[in-house]
Amino acid sequence: MQPAVLTYAVPVGAVFHAEPLEGKFVVEGRCLYVQTAGFSFLPIFPEGARWDAAAGSLIFGSRRLAPGQRVSLTGTSVAGIQDLGAAFDSRGCDTTRTFRVAP
């Protein structure tokens with residue numbers, strides 16, 4: 001079973017804070033997380049991000065993120081998923097701490 005890649009539509013003219021998120025990229029069941037020293041964050045990527053089943057990694061823009069890899073992302077912490085719209089489906093992932101990755 002391949003992990004669910006959670007995405008959002010980037011609004012035209014969207015402004016993102018340059019908040020850093022650094023940690024280890026991990027797969028737990030169907031969910032992708034970035035684990036820091038204290039917490040796990042559910043990353044939500046801009047539309048177009050996808051899981052490459054053959055390579056076992058996430059393709060995000062020109063980047064490829066593999067499980068176990070240390071990653072450094074920028075974006076905005078989101079308090080839960082309520083502001084991401086009704087179409088957003090977390091598919092059983094822990095949404096306590098989410099991070100909207102900047103395009």
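Coordinate-derived values only; no laboratory data. Please read these numbers as outputs of a predicted model, since none were measured by experiment. Quick reminder, even Gly has a Cβ in these numbers, built from the backbone with ideal geometry, and neighbours come from all protein chains shown.
General remarks:
- The chain - percent relative contact order, Cα under 8 Å, separation 6 or more: 34
- Global geometry of the range 1-61, whether rounded, prolate or oblate, following the gyration tensor of its Cα atoms and the 1.5 cut on a/c: oblate
- Backbone N within the range 1-36 under 15 Å of label point (7 Å from residue 53 Cα along the Cβ vector): 1-5, 30
- Whether the chain is rounded, prolate or oblate, judged on the alpha carbon gyration tensor where a/c under 1.5 counts as rounded: rounded
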